[in-house]
1. Could you say whether any residue in segment 451-466 is surrounded by 18 or more Cβ atoms within 10 Å (Cβ to Cβ) and basic (Lys, Arg)?
2. Determine if segment 354-375 includes at least one residue that is of a type outside the set (A, V, I, L, M) and within 25 Å of Val193 (Cβ to Cβ).
3. Which ones in segment 406-429 are more than 13 Å from Ser118 (Cα to Cα) and surrounded by fewer than 23 Cβ atoms within 10 Å (Cβ to Cβ)?
4. Could you pull out the residue among Ala383, Ala367, Ala403, Ala354 that is closer than 16 Å to His288 by Cα, in the same structural domain as Leu318 (by TED's automatic domain parsing), of a type in the set (Gly, Ala, Ser) and under 34 Å from the mean Cα position of the chain (by Cα)?
5. I need the helices (runs of 4 or more DSSP H) fully contained in segment 412-502, keeping only those with at least 2 residues that are assigned by TED's automatic domain parsing to the domain that holds Val557, modelled with pLDDT of 95 or more and under 26 Å from Ala543 (Cβ atoms).
6. List every residue pair whose Cβ atoms sit under 8 Å apart, with the two residues 6 or more apart in sequence or on different chains, where the first one lies in segment 307-321 and is in contact (Cβ under 8 Å) with a residue 24 or more places away in the chain and the second, anywhere, is part of a helix (DSSP H, G or I) and charged (D, E, K, R).
7. Which ones in segment 543-600 are charged (D, E, K, R) and surrounded by 20 or more Cβ atoms within 10 Å (Cβ to Cβ)?
8. Of the residues that make up segment 215-224, is at least one surrounded by 22 or more Cβ atoms within 10 Å (Cβ to Cβ) and assigned by TED's automatic domain parsing to the domain that holds Phe121?
Amino acid sequence: MSNQENMNDIASAFEILSDSNSRRDLAGNSAGLSKRMSQRTQIFDPTLEKMGEEEDEEPAKNWWTRFLRFVEVKQHHSASNRRSEGIVESFLYNDDLAPVDAARRVWGWKQYVFFWISGSFNVNTWQISATGLQLGLSWWQTWICIWIGYVSVALFVVVGSRIGNFYHISFPISSRISFGVYFSLWVVLNRVVMACVWYSVQTYIGSQTVQLMLMSIFGTDLTTRIKNTMNTPNINTFQFMCFMLFWGAQLPALWFPPQTLRYLFTFKSIVTPFAAFGFLIWTLKKAHGNLALGSLNELKPTGAVLGWNFVISIMSALDNFSTLILNAPDFSRFAKTEKSSIYSQLFILPIMYAIISIIGILVTSAAYTMYGVNYWSPLDVLAQFLNHFTSGNRAGVFLISFAFGIAQLGTNIASNSISAGTDMTALLPKFINIRRGSYICAAISLAICPWNLMSSSSKFTTALAAYAVFLSSIAGVVASDYYVVRKGLIRLQHCFTNKPNTLYMYGSRFGTNWRAVAAYVIGIVPNFPGFIGSVGPKVPENAMRVYYLNYFVGFLVSFLVYAVLCYFWRVPGMPEGVGFFDFSTWFEKWTEVEDFAEQRRKFELHGAEVDFDEESSTSYVSITEPGKV
């Protein structure tokens, strides 16, 4: 298979995230379509005892009603245009969050490999790799930290991917299983906030490439030639102008469906690696091959200080990935086979990030021998090259900055705007689809002021750790619920309903699993004193050391607490006749969802739940009591 064909496969995978209009009818034939049009299920408040027949939508009585109908998102899974869906109805089941059928599962192991190759080449990866150098570690100590950190990341990503890989559901739906149908809104909201923050940060990093491109053309004194009217020390008018330019340049890319951006992703995957290695060779040549092999910090750490700086450097990789670990099912649900997203991610992720990180480490070390400054961003090194304003330096800086700008744009769309849009469809799908969610994310990013987060490496590391405090405990609960409590046993129909006798409503109309909520809160507690200390107030040193291990602590505490609570207070849907500590029987299985819309209709109307055996033959069982199947 050619490289172009591989990249087209990747682009096709992005297509399925937003192109609702091209999705085929899940029933598979016109008879099924007619049947659903005549027997369409209405899902409203769970207190309703009966669901009435579909009625034509009443004419709009005022301008506000007409406006709401104009802006609402029309869902296609119901095959009906006779009336608009209610807010709760579209929240429970919509096009973007429906299980992925076989025709849309297009990611083989090669696509996951190319996805991480493409995703690893960005400025943020370089900055994370330089964290250890900022803390006084040598280049080889820093690289060891990178390997340990990203191997840990790969393990967490694979752990989070399995539920999406086997059941073809996204993160917003998988969170309903452990937290409950309605409390999952809070969990998804956390992820949306982080996606918006990261979109803002990546936009600011991208704006720095615009600064370098403009300075390579018009001169390095643009910061003084353009009068500064900003009332903050962390950004001036020229920098803010570049931020808005890059922010605006991303907006057209948010409009078009991702399949039309295939050439952008192809261009990024080809050009950015050449730019990265070219930058490394250029820097080594300028430094005459001299590298600072020891600590780049005047206060050379030893003993316990060195050890804890080593830990902080390791954790920076995990903190950087705390959002992507959580929404791993969003990508793994498109896997072609049972193993497509498992071994490919487990090996390629640490390898690629270690390669990019060593480039960043070597560039920083070489730059230190030339300028005597420990730069944590490769863009700062490029800016130094412009001090010698020769035509060669100007051309080299412009081309490398342009390549990095393309990398930032592609990364921001793939990892942040699409993720935010997907999660927002789970919050209010009646009015938000992926495209609209992406634009909302872009609008929110303006209010975050990322230049304050990025003013120094220490502030950036602190911000990363803060994200991990809240997201790690969510990931711990989800993993404990799937691997220990349920042992891979999932009932898909129960994920898309608010009927009070179903598994993931947890026996109440509030749709909340109190055990998960308790474990989530308790998982935050050990890290919280250190989190407070990281933003200013003095706290005990031991509290800070716990906080340095934030992701491991939050994940492990919430994982264990949830398992203990479920041992004493069993949750609905646990395997019957299997001991809590008996893992000899594993219930996870590859599930086909070709006719899921019809299966769900029968489940809503008659309580008939579809189950599949190993030969994919279909059988129906009815729900007789809450929590029993």
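1. no
2. no
3. Step one: of segment 406-429, the residues more than 13 Å from Ser118 (Cα to Cα) are 416-429.
Hits for segment 406-429 are Leu427, Leu428.
4. Working: Ala383 fails: closer than 16 Å to His288 by Cα; Ala403 fails: closer than 16 Å to His288 by Cα; Ala354 fails: closer than 16 Å to His288 by Cα.
None of the others qualify; the one that does is Ala367.
5. Values: elements: 418-427, 434-445, 450-453, 457-480.
In segment 412-502, the matching helices (runs of 4 or more DSSP H) lie at 457-480.
6. Trp308/Arg545
7. First, pick out the residues of segment 543-600 that are charged (D, E, K, R): 545, 570, 576, 582, 588-589, 592, 594-595, 598, 600.
The one that is charged (D, E, K, R) and surrounded by 20 or more Cβ atoms within 10 Å (Cβ to Cβ): Arg600.
8. If we filter segment 215-224 for residues that are surrounded by 22 or more Cβ atoms within 10 Å (Cβ to Cβ), which is where we start, we get 215-216.
Going one step further and asking which of them are assigned by TED's automatic domain parsing to the domain that holds Phe121, we end up with 215-216.
Yes, segment 215-224 has at least one match.
The values are calculated or read from the model by the stated rules, or taken from the named source; none is laboratory data. Keep in mind it's a predicted model, so treat the numbers as computed, not measured. Cβ coordinates were reconstructed from backbone atoms using ideal geometry, including for glycine residues, and neighbour counts include every protein chain displayed.
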